[in-house]
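The structure appears right after this line, and notes come after that.
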Amino acid sequence: MAHTSCVLLLLTVSFLLQKNIDVNGLQDNYYSESCPTAESKIQEAVNTELDKNLKLAAGIIRMQFHDCFVEGCDASVLLDGNNTEKHAPVNEHLTGYEVIDAAKAAVEAVCPGVVSCADIIAYAARDSTLKLNGTGWVVQGGRKDGTVSCADTAEAELPPPTFAVTQLIDSFSKKGLSKRQMVILSGSHTVGVGHCDKFIERLYNFSATNSTDPSLNATYAEQLKQECPQNTFNTTIEIFMDTITPGEFDSNYYKGLTQQKGLFTSDQSLFEDRRTRRIVKSLINERRFDSQFGQAMRALAAVEVKTQGEIRSDCRKVNS
């Protein structure tokens, strides 16, 4: 693939420093022998950073998705450089890089050259969910870090907030994820924020017959218009994705959809479309959502995993 906007770095990898892994590249308790304290060190570092700024927790969970959908789960989203993934417009508001840096520093201090940045993202996403009072899951390890990061690829692969269900199903299917897993993973929008530019057309320029998206709760739409005036170019205004319990990782995101309070088209369409409406209703059950979210995250974290690659010493750049 030749793109002028890609960063492609060729390097020699020292396989002697890397652990043999099984066929699918992932295992539970992957670091139990090579770095027994890896998970606890990562969680401690994540919690320390989130104690400073809890808003970053939602960013870390989102980062898992944004990483895995582009080049697979290989930490390519972390690479610095001109026109890398993190500089793509779709990643403009992605946050939490400093949390990953802190976690990487923590494990490098005890087990240098052992824990990949891609695995750290997966552990940190689980730990961020726990920090928001969500339910955890067993995270597999064994991912290798990639050496390619391209803004154009991120723009092409990540589904935008304007997607409806048909487009979402197709996008997730290409990554080996089911319709149900797509709806479950969308539940991560129970925390975090959206920005006016991502949904403003729903408020003022929806269609020739409806200036405002009729699938939006009318009162909610008026509230959003107060926050996001017409023709605003302010991309820093933050709107909670979940209007009920925005700081808690729970199932109220789905309840909000039944009230027509999905912020993005990609959110509300999950309830409006008959193919996914029943799934949305079923996930309002807190226990069901809790148990199934972790399973869906494990599936997401296994997308296009690299068994050949490197273990970066600095998550922001490839090894020299």
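Being of a type in the set (S, T, Y) and either within 18 Å of L168 (Cα to Cα) or not in a helix (DSSP H, G or I) (or both) is the filter here, so list the residues in region 246-300 that pass it. Outline the logic, then answer.
Taking region 246-300 as the starting set, the residues that turn out to be of a type in the set (S, T, Y) are 251, 253-254, 258, 265-266, 269, 276, 282, 291.
Answer for region 246-300, where residues must be of a type in the set (S, T, Y) and either within 18 Å of L168 (Cα to Cα) or not in a helix (DSSP H, G or I) (or both): S251, Y253, Y254, T265, S266, S269, T276.
Beta carbons closer than 6 Å, at least 6 apart along the sequence or on distinct chains, pair a first residue in region 68-80 that is farther than 14 Å from D314 by Cβ and touching a residue at least 24 places away in the same chain (Cβ under 8 Å) with a second that is hydrophobic (A, V, I, L, M, F, W, C) and assigned to a helix (DSSP H, G or I) for C68/L300; V70/A154; C73/A118; D74/A118. For E238, the conditions (1) surrounded by 19 or more Cβ atoms within 10 Å (Cβ to Cβ); (2) modelled with pLDDT under 95 all hold with the exception of (1). Of the candidates N285, N319, the single residue that is touching a strand residue (DSSP E or B) at 6+ places or on another chain (Cβ under 6 Å) and surrounded by fewer than 21 Cβ atoms within 10 Å (Cβ to Cβ) is N319. In the set (1) among the small types (G, A, S); (2) surrounded by fewer than 18 Cβ atoms within 10 Å (Cβ to Cβ); (3) over 30 Å from D197 (Cβ atoms), the condition left unmet by G247 is number (3).
The values are calculated or read from the model by the stated rules, or taken from the named source; none is laboratory data. What you are looking at is a predicted structure, and each value in this text was computed from that prediction instead of being measured. Cβ coordinates were reconstructed from backbone atoms using ideal geometry, including for glycine residues, and neighbour counts include every protein chain displayed.
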